[in-house]
1. What percentage of all Cα-Cα pairs in the chain are separated by more than 30 Å?
2. Between Tyr143, Tyr63, Tyr29, which gets the highest mean-square fluctuation from a Gaussian network model of the chain, Cα cutoff 10 Å?
3. Restricting to bridges with both residues inside region 186-271, how much of the DSSP beta-bridge set is antiparallel, in percent to the nearest 5?
4. Would you list the membrane-span-like helices of the chain, meaning whole DSSP H runs whose alpha-carbon atoms span at least 27 Å along their axis and whose mean Kyte-Doolittle value is at least -1.0?
5. With runs of 4+ DSSP H residues as the only contributors, calculate the mean residue ellipticity of the chain at 222 nm using -39,500 (n - 2.57) per run, divided by the residue total and rounded to the nearest 500.
6. Taking 0.36 nm per intervening residue step and subtracting the Cα-Cα distance, what contour gain separates Gln353 from Ser201 on full extension?
7. Report, to two decimal places, the Cα Rg of region 81-183 normalised by 2.2 N^0.38 Å (N = number of residues).
8. Name the shape class, rounded, prolate or oblate, that the alpha-carbon gyration tensor gives for region 188-263, where a ≥ b ≥ c are the square roots of its eigenvalues, rounded holds for a/c under 1.5, and otherwise prolate holds if a/b is larger than b/c and oblate otherwise.
Amino acid sequence: MDLPPKRECLNEIKPYVPGKPIEEVKREYNLDEVVKLASNENPLGPSPRAQEAMQNAVHEVNYYPDGNCYRLKQALKSRLGVKEEELIIGNGSDELLKLLAETYINPGDEAVMPYPSFSEYDFAMKVMGGVSYFVSLRSDFEYDLEAMLDAVNERTRMVFLCNPNNPTGTFISHRALKEFMDKLPRGVIVVIDEAYCEYASDPYFPHSLELLEEGYPILVLRTFSKIYGLAGLRVGYGIGPNQLIDDMYRVREPFNVNYMAQVAAEAALEDDLHLARSRTLVEEGRRQIAIGLEEMGLCPVPTQSNFFFVDIGVDSREAFPLFLKKGLIIRTGDIFGYPNYIRVNFGTLEQNQLFLDTLKEVREELGGESGKGCS
Ligand SMILES: Cc1ncc(COP(=O)(O)O)c(C=O)c1O
């Protein structure tokens with residue numbers, strides 16, 4: 001076919017590897033029951049309040065949605081104590097990453113980002129012909145902020161920080177974040193991706209909105225896909241200085257967030273009970289799985305999130321089909337550069353037990369030896 005050559009920068013893009021969908025595994029392995037612990041979703045389902053709001057709104061989808069997301073912004077404004085002009089809503093926070101790159105990245109511009117971390121930072125850069133500079137986490141999977149600072153140069157437009165980090169669950173403290181930003185040259189935006197911040201309970205976890213108030217050039221990204229249980233609707237939000245939000249608005253599609261997503265997100269935000277239950281379940285899951293892993297001599301990376309990154313002592317690429325055969329979807333570590341690791345999110349207590357039992361069987365089948373535990 002006679003097509004024009006595609007933009008050269010697209011050759012650099014590695015396709016995103018999503019968690020395998022439940023239906024696909026059911027089909028491929030002829031299973032009735034499949035549990036997915038691969039995409040850090042909420043096992044309790046969507047907020048009941050969001051479900052009710054969507055049912056009430058379903059007869060109104062003949063109208064275009066409010067392109068400005070007024071009601072959702074008002075709800076966020078009063079919850080977070082930010083100004084309306086500091087908010088942008090996106091079709092998932094994924095879209096906001098792309099909008100940000102479309103706003104500020106010219107071919108050859110650079111961004112500094114951690115490795116391993118969420119792959120969409122690199123994607124957003126590459127789509128615009130930008131260059132990603134990866135800085136490895138330290139051997140304990142903590143951020144190496146000194147090395148990240150060293151990687152910043154006159155072409156750097158952005159630094160991406162995922163806090164807590166996906167896939168490790170490790171985090172940067174408020175103080176470390178502030179010190180880092182004080183050392184950055186002017187004209188560099190710091191993206192603080194807080195997709196999992198609602199699960200973080202460490203007292204040193206940053207109050208990123210204070211940094212916004214103090215005038216730092218940051219874009220805080222959050223999502224309704226994780227604790228709010230609305231991943232299928234695609235809605236996330238960004239909080240940043242008015243000027244940055246204004247700039248991003250120039251590249252936004254007029255109706256980027258669909259009506260159901262807006263209605264559900266507004267209701268979910270007010271559903272304190274669902275939020276509290278989701279948080280408690282994650283805390284219980286964290287304890288339950290840590291104990292189960294420890295019994296196998298395995299030691300997960302300490303997490304502030306709803307998942308563990310853990311060395312399972314066997315190659316995760318070999319383990320993956322065995323998990324699938326037993327009806328369990330997890331994420332292999334090879335995509336993050338750690339083939340012997342998996343990332344598994346916490347499910348219901350029964351799902352967590354199923355995961356532990358299955359991991360035990362899979363390790364036995366692959367001849368995995370008992371590890372040294374966390375001591
Ligand atoms: C760190 C991080 N940021 C952003 C996202 C994407 O969120 P959304 O569903 O809002 O696009 C994810 C999803 O896995 C994530 O792990």
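1. 41
2. Fluctuation is largest for Tyr63.
3. The answer is about 50 percent antiparallel.
4. 272-295
5. That comes out to -11500 deg cm²/dmol.
6. Full-extension gain reported as 52.4 nm.
7. Scaled against compact globular proteins, the figure is 1.09.
8. Because a/c hits 1.5 or more and a/b fails to exceed b/c, region 188-263 counts as oblate.
The values are calculated or read from the model by the stated rules, or taken from the named source; none is laboratory data. Quantities reported herein were computed from a predicted structural model and do not represent experimental measurements. In this analysis, Cβ positions are derived from the backbone assuming ideal geometry, glycine residues included, and neighbour counts consider all displayed protein chains. Ligands, DNA and RNA are stripped out before the accessible areas are found, and what is left, the full protein with its side chains, is counted by its heavy atoms. Shrake-Rupley method; radii C 1.70, N 1.55, O 1.52, S 1.80 Å.
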